[in-house]
1. What does the highest-first list of 232-239, 141-148, 192-199, 115-122 look like by mean Cβ count within 10 Å?
2. What does the C-alpha gyration tensor say about the overall shape of the range 79-226? Classify as rounded when a/c is under 1.5, otherwise prolate if a/b is larger than b/c, or oblate.
3. On average, how much accessible surface per residue is there in the chain, in Å², for a 1.4 Å probe, leaving out ligands, DNA and RNA?
4. Size of the range 209-287 along its principal axes in angstrom, Cα-based, largest extent first?
5. Could you give each residue of the range 110-127 its phi-based ³J(HN,Hα) in whole Hz, using Karplus coefficients 6.51, -1.76, 1.60 with θ = phi - 60°, and x for Gly or Pro?
6. Hey, what number do you get for the chain at 222 nm if only DSSP H runs of n ≥ 4 count, each worth -39500 (n - 2.57), divided across all residues, to the nearest 500?
7. Carbon and sulfur: what percent of the chain's accessible surface (1.4 Å probe)?
8. Quick one: net charge of G243's neighbours, Cβ under 11 Å, K/R +1, D/E -1?
Amino acid sequence: MLVIGCSNSIDLAKKIANSKGAYFSKLFVDNFPDGELHIRFDCELKNKDVFLVQTLYPINEAITEVLLAAYTAIDLGARSVNLIAPYMAYMRQDKRFKPGEAISSLIVGKLFNVFDSIITIDPHLHRHKDLNEVFKTKTKVLTSNDLIENFIKKNFSDAFVIGPDGESNQWAESIANNIGLKSIVFTKKRYSSEKVSVTGKGLNGVKGKDVIIIDDIISTGHTVLEAVLDIKKFKPKSITIVGIHGIFAEKKVYDEIKKNVKRIVTTNTIDNAHSVIDVSKLIASSF
Ligand code: R5P
């Protein structure tokens with residue numbers, strides 16, 4: 001077995017290989033002068049089960065790179081080529097919201113048929129209920145809920161959990177129920193990528209409490225920020241943000257969130273300044 005660290009996930013790939021006791025190698029990647037990617041494996045692939053570790057953020061170059069790597073691995077005689085993409089991009093565009101739009105999730109699904117298997121963590125499943133509706137290839141969906149539960153148990157004695165939108169119930173509500181905390185799941189209206197509003201009932205209960213907002217993806221951060229500003233009106237003791245995939249695509253929104261909360265914590269599916277919850281062992285134990 002070979003664990004290959006692609007550009008976005010070198011450290012995570014090393015940790016996964018370590019915990020499996022598997023051979024690690026870094027994919028060599030650079031650019032031709034015109035920007036084309038140039039990739040090269042630095043190890044023997046013949047008859048090996050190859051696991052390419054590449055989280056899909058930043059997104060587009062990462063996909064091109066991992067597809068070039070997959071076809072090259074096949075060409076070099078790998079026995080199987082498998083993708084470990086802790087963050088699976090393009091899952092939110094799961095329908096044609098406006099005429100003429102691409103249903104990107106399904107297209108990515110087709111592109112990734114090249115893999116023998118795909119492992120990912122907490123993919124954004126909304127209108128697709130199951131990853132098999134997106135990918136024809138074998139998939140394994142992992143959840144970081146247990147890791148988040150452990151983090152909360154270690155750091156809080158009596159907190160109040162908020163899910164900032166309907167879809168977050170599978171993380172926020174489920175985590176809160178498992179560890180016996182009260183929770184509220186907000187409803188969200190999205191007007192555009194940058195404009196959302198959230199509302200929730202029963203917020204009087206957060207007064208004087210440590211509040212934890214749990215969501216799967218913090219993309220621009222608008223969803224979480226709107227929730228924070230709403231909750232603050234009800235005088236909580238503190239607010240902590242727990243995200244699974246921390247993108248933080250808009251610096252202004254990120255700064256505003258930081259100003260208004262005690263702490264931001266994410267998993268390391270995407271490396272960022274807050275990625276303290278390590279998913280490497282979770283991944284390593286899944287294959
Ligand atoms: C979508 O419904 C997800 O659960 C997140 O709430 C969403 O991706 C967050 O996006 P943003 O940070 O851009 O508001």
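The values are calculated or read from the model by the stated rules, or taken from the named source; none is laboratory data. If you're wondering where the values come from, they're calculated on a predicted model, not measured in any experiment. Virtual Cβ from ideal backbone geometry, glycine too; neighbours counted across all protein chains shown. Quick note on the areas: whole protein, heavy atoms, side chains included, nothing else; ligands and nucleic acids left out. Shrake-Rupley method; radii C 1.70, N 1.55, O 1.52, S 1.80 Å.
1. Working: 232-239: 15.8, 141-148: 18.9, 192-199: 13.5, 115-122: 21.9.
Top of the packing list down: 115-122, 141-148, 232-239, 192-199.
2. Values: a/c = 2.99, a/b = 1.50, b/c = 1.99.
It comes out oblate by the Cα gyration axes.
3. Details: 13650 Å² over 287 residues.
Solvent-accessible surface per residue comes out at 48 Å².
4. So the extents along the principal axes, rounded to whole Å, are 46, 27, 16.
5. Ordered by residue, 3J(HN,Hα) equals 5, 4, 8, 4, 5, 7, 6, 7, 10, 10, 9, 10, 5, x, 6, 9, 10, 6 Hz.
6. Working: 8 runs with 79 residues, N = 287.
Taken over the chain, the calculation gives -8000 deg cm²/dmol.
7. 50
8. Values: positive: none; negative: D122, D215, D216.
Residues close to G243 contribute a combined charge of -3.
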